[in-house]
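Inspection log for the structure reproduced underneath, given as structure tokens.
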Amino acid sequence: MVSLSPMSTRNSLNDHSLIHGVADLILAVGQPNFIDKLTYLLRSAASFDDYVMLIYHPSSAPQVLSSSFANTDLAVWERYIQGAYLLSPFYDYCMQGKDGFVSLDEIAPDGFYDSAYYDNYFRPSRLIDEVCFVVQGRDNFSYLLSLGRTQTLAKFNKRVLDKLKALSPILQAAVQLDDQRRHAERHPHPTSHAALKQRLLNYGQDKLTSREQDVMQLLIRGYSSKEAAQVLAISPETERVHRKNIYAKLEVESQKELLSQLFEEILSDIPA
């Protein structure tokens, strides 16, 4: 069982609203109002504009448990759910079996803010900062609770991040207990995304070598040459040769153009 140290508890949970929020969350485990109590607790700790709670699975499309997105945000959000999530740094983080509290800046690859994913999905959402709580549930299901700030608020500062991180063990334990009590109710018939995922993995296979495809899968997620070389255990010079060949064979001139082409040919072809 995970617990906070006495010093951490005094420093981070020294507010009556937080203490009552934790108590309410515990009482709501397994109940329909669990997510409402969860977001109420987090609003007691930090300000944020948007939130969404998702369930990810390696063989299924995401399931949205709750979100605060307004009608003006739905077009961008629907495209994310229909396939763009496969390129999300947070999706990759969940699928690696990791958990805990993380910020986008901590896990995004070097080229994330210059990527087509950023231009087409993140920036139109009006977010300037995002943090997430990731909890691994049963049967390979991952829970992700995302808190976002738009330009109406500043980016999350260290004090707020530390406060949210201190709540992570409490949130993780509560979500896992709630998952145990409501698991069958939440995951009766997951919607497969195998075909979409396979199209993404096979993109360019008729033109690229297997190693070039390995490099391309990192390129479309915003990895820099240096990062891709480290992941694939090759030299940066070799990675750059593969990258040059990819651009030539797919008739693009940059990583951003490659991503735009992929979005156009694969993700934009998904029925609305």
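The values are calculated or read from the model by the stated rules, or taken from the named source; none is laboratory data. The shown structure was predicted, so the numbers you read here are calculated from the model rather than taken from an experiment. Note that we place each Cβ from the backbone using ideal geometry, even for glycine, and neighbour counts take in every protein chain shown.
When residues of the stretch 207-217 are filtered for being in a loop (DSSP other than H, G, I, E, B) and either within 22 Å of residue 107 (Cα to Cα) or in contact (Cβ under 8 Å) with a residue 40 or more places away in the chain (or both), how many remain?
Here is the first cut: in the stretch 207-217, the ones in a loop (DSSP other than H, G, I, E, B) are 207-209.
Now narrow it down to the ones that are either within 22 Å of residue 107 (Cα to Cα) or in contact (Cβ under 8 Å) with a residue 40 or more places away in the chain (or both): 207-208.
Going through the stretch 207-217 one residue at a time, the tally reaches 2.
Consider the stretch 47-60. How many of its residues are under 13 Å from the mean Cα position of the chain (by Cα), more than 11 Å from residue 146 (Cβ to Cβ) and not hydroxyl-bearing (Ser, Thr, Tyr)? Explain how you work it out, then say what you get.
So the first thing to find is which residues in the stretch 47-60 are under 13 Å from the mean Cα position of the chain (by Cα), and the list is 51-57.
Pick out the ones that are also more than 11 Å from residue 146 (Cβ to Cβ) and you get 55-57.
From the residues that got through so far, the ones that are not hydroxyl-bearing (Ser, Thr, Tyr) too are 55, 57.
Final tally of qualifying residues: 2.
May I ask you to list the residues in the stretch 222-244 that are polar (S, T, N, Q) and either buried (at least 17 other Cβ atoms within 10 Å of the Cβ) or part of a loop (DSSP other than H, G, I, E, B) (or both)? Can you show your working first?
Taking the stretch 222-244 as the starting set, the residues that turn out to be polar (S, T, N, Q) are 224-225, 230, 235, 238.
Hits for the stretch 222-244 are 224, 225, 235.
Quick check: is even one residue across the stretch 102-115 of a type in the set (A, V, I, L, M, F, W, C), in contact with a Lys or Arg (Cβ under 7 Å, 6 or more places away or on another chain) and crowded, with 20+ Cβ neighbours inside 10 Å? Break it down stepwise before answering.
Of the stretch 102-115, the ones of a type in the set (A, V, I, L, M, F, W, C) are 102, 104, 107-108, 112.
Cutting the leftovers down to in contact with a Lys or Arg (Cβ under 7 Å, 6 or more places away or on another chain) gives us none.
So far as the stretch 102-115 goes, no, none of its residues is of a type in the set (A, V, I, L, M, F, W, C), in contact with a Lys or Arg (Cβ under 7 Å, 6 or more places away or on another chain) and crowded, with 20+ Cβ neighbours inside 10 Å.
Restricted to the stretch 116-145, and to residues that are surrounded by 17 or more Cβ atoms within 10 Å (Cβ to Cβ) and among the small types (Gly, Ala, Ser), which residue is modelled with the lowest pLDDT?
The residue in question is 116.
Could you give me the residue pairs with C-beta distances under 8 Å whose first residue belongs to the stretch 218-241 and is closer than 15 Å to residue 92 by Cβ and at pLDDT below 90, whose second residue is part of a loop (DSSP other than H, G, I, E, B) and aromatic (Phe, Trp, Tyr) wherever it lies, and which are 6+ apart or on separate chains?
The qualifying pairs are 220/203.
Looking at residue 178, is it in the same structural domain as residue 29 (by TED's automatic domain parsing) and more than 19 Å from residue 63 (Cα to Cα)?
Values: in the same structural domain as residue 29 (by TED's automatic domain parsing): yes; more than 19 Å from residue 63 (Cα to Cα): no.
For residue 178, the condition - in the same structural domain as residue 29 (by TED's automatic domain parsing) and more than 19 Å from residue 63 (Cα to Cα) - is not met.
One residue is enough: does the stretch 187-202 have a residue meeting the conditions surrounded by fewer than 17 Cβ atoms within 10 Å (Cβ to Cβ), outside any helix (DSSP H, G or I) and without any contact (Cβ under 8 Å) to a residue 40 or more places away in the chain?
yes
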